[in-house]
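The next block holds one structure in the form of structure tokens; read it before the comments.
Read-outs: derived from the displayed coordinates by stated rules, not from any lab. What you are looking at is a predicted structure, and each value in this text was computed from that prediction instead of being measured. Note that we place each Cβ from the backbone using ideal geometry, even for glycine, and neighbour counts take in every protein chain shown.
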Amino acid sequence: MWEKWLVVGGYLAVLAGIGLWARRRTRRSLEDYFVASRTLSPWVLFLTMAATNFSAFTVFGFSGAGWRIGYAFYPIMAFGTGFMAISFYFIGFPVWRLGREKGLLTPPELVFDRFRSPTLRLLFLAVMAVFTLPYLAMQPMAAGYALEELLGLPYFAGAALITAVMLFYTFLGGMRGVAWTDVVQGGMMLVLLLVALGVVAAPFGGLSAANRAAASAWPGLFSRPGLGGAFPPGIWFGYMLLWLLCDPMFPHLFQRFYAARDERALATTMVLYPLVTGILFLLPVAIGVVGRLAFPELPSGIASDRILPLLLSRYAPPVLEALVLTAALAALMSTLDSQLLTLSSMLTRDLYEPLAKRPAPPWLGKLFVAGLALAGLAIAWRPPATFLEIATEAFTGLAVLFPTVVAALYWRRATASGAIASILVGEGLVVAYRFRLLPGFGTLPVIPIVAAASLALVGMSLLTPPRPCAGRERGRVRWGWGLGFVLLFFLGHDFWAWGDGRPGPVGFPWRVWYFLGLGVVTALAFGLFSRGRPTAHVGLRTGSSVPGPREPRDGLSP
């Protein structure tokens, strides 16, 4: 047992050391604390963007879904999330530019800058906070599961320990500390999940043999729509659109658009994203599928989201078990710290400062971080559902904000009343679906909800007078590329091979190899697209500009 404590303690000490290092380079300003003075270089931005999006859901939720559903879960996550990176172009680039020009730090500030509506600003903040908190609570939940299996700590004690360490380095380094811990944690997660897959497959003759044995015993794990018919075509389409609509609305991803050093950093992240999701997301799903051989039925009271710790406790040597579960801790901590930092920045800039009518003191953001961490722990005290169920509902609530953000950036005729109506209608429908008051239409609720929210925005905007704003920057409309991306999205719905569950190389079903290749094609398309990007970007400018921040050479820039 002492070896496990040594591994986990050493990892947590490294994170604390990074926080201390980052503190020495941190300035006493909200801009530096929340967006690292907008200096994240291309590789640092990519790694922190990836690590912060790959959470406890990625490690524990994906492996649990692999155990329950099978390889059908892989494409909707890997390709859907990778394709979502196109939003780094049409949302990320204008957000980055407006942030530098106007000193914006938070998502609600962007909406307020466009519409000048305090009501809309508070509503936008409330929605982001309400639907991020359940997702935030998944991180200490997963920490509790991991440390309970690894060290024998009580579930809640493990959740509290990881939260405390994360608070320490976030307090010290802000976004700078978070970004550099994300670099370490992202690398750990990729390498050690690969090791974990090899370890759990070894007792069954290796990965290829394990896959073939699982395919023979449970063909549904290799077919579409998955074991138990989890993903019929309409649900598949709904999940593919869900990531495109909701991921850019994650507050912790949105804020990283502001933190980029330049547009090249955003373009690099967009190109590499489909590659990392294609590789990384396969590993936990495969672990879950192989886990069926070890645990055809789970012990009483054990959720499928705990399949990875169960497998490691049975098959891995103590040190390796500790290292792999430490990688899982890295995944959840890299998301938890960013969620807390971003929500704290919104409470500081979009609630305290407008109400107090004065700049917030530097310590206030840290106070909000601590309060939000306690709120996440309170939710984790009694977990409400599986990770997939929590994530799907939280993501749908955030996706409602998508039409408002796009209208704020691109539609001059949009009004504050239209945006408020859009959010209220959308979130009202989220509540109605939560209580099963509306039909599903054969797909995820996010599709009719976002459609209704968009119609409400357009209709109310046309009925109310617009706020005067400056003209657009006109960029070249690239219809050919648009049609190409529609085709790529269509190829992600390979209905012509719907029932094909035949194992291919390494025992993976052929569709896994198809989607790995499609991810490479998507990355190449993004690379060519971003290289030919017009210098003028379509978007709205409002108000007066302020000079962009200076770019200090502080270790985040090469």
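A protection proxy built from the mean count of other Cβ atoms within 10 Å ranks the segments 6-14, 399-407, most packed first, as 399-407, 6-14. At most 13 other Cβ atoms within 10 Å plus a DSSP loop assignment makes a site exposed; report the longest stretch of the chain without any exposed trypsin sites (Lys or Arg not before Pro). Result for the longest clean stretch: 29-356. Axis angle, to the nearest 10 degrees, between helix 73-84 and the longest C-alpha principal axis of the chain: 20 degrees.
Relative to the dominant Cα principal axis of the chain, helix 510-531 is inclined by about 30°.
Applying the Karplus relation 6.51 cos²θ - 1.76 cosθ + 1.60 with θ = phi - 60° to segment 40-50 yields 3J(HN,Hα) values of 5, 6, x, 6, 5, 4, 4, 5, 6, 5, 5 Hz, where x marks Gly and Pro. Backbone phi angles across segment 223-240, fed through the Karplus curve with coefficients 6.51, -1.76 and 1.60 (θ = phi - 60°), yield HN-Hα couplings of 9, 10, x, x, 4, x, x, 5, 10, x, x, x, 5, 4, 4, x, 5, 4 Hz in residue order; Gly and Pro are listed as x. Summing Lys and Arg as +1 and Asp and Glu as -1 over all other residues whose Cβ lies under 10 Å from the Cβ of ASP500 gives a net charge of +2.
For the chain, what is the mean residue ellipticity at 222 nm derived from helices alone (per DSSP H run of n ≥ 4: -39500 (n - 2.57); sum divided by total residues; nearest 500 deg cm²/dmol)?
On the way: 24 runs with 381 residues, N = 558.
My calculation for the chain gives -22500 deg cm²/dmol from helical runs alone.
With Cα atoms defining each centre, segment 244-294 and segment 136-157 are spaced 24 Å apart in the structure.
Within 11 Å, Cβ to Cβ, of SER461, how many net charges do the neighbouring residues add up to if Lys/Arg are +1 and Asp/Glu are -1?
Details: positive: ARG412, ARG413, ARG467; negative: none.
With Lys, Arg at +1 and Asp, Glu at -1, the net is +3.
With the simple model of a label 7 Å out from the Cα in the direction of the Cβ, TRP5 to LEU487 spans 6.1 nm.
Here the spin labels are modelled as points 7 Å beyond Cα on the Cα-Cβ line, and at LEU151 and ALA375 they lie 2.7 nm apart.
Under the 0.36 nm per residue contour assumption, what length would be gained going from the current alpha-carbon distance of ILE279 and ALA432 to full extension? Show your work: numbers first, answer last.
Numbers: separation 153, 0.36 × 153 = 55.08 nm, distance 3.70 nm.
Stretched fully, the ILE279-ALA432 segment lengthens by 51.4 nm.
Applying 1/(1 + (r/R0)^6) with r as the Cβ-Cβ distance of ALA451 and VAL319 and R0 = 51 angstrom yields a FRET efficiency of 0.50. Taking Cα atoms, how many degrees apart are the long axis of helix 93-102 and the longest axis of the chain, rounded to 10 and kept between 0 and 90? On a 0 to 90 degree scale, this one is about 50.
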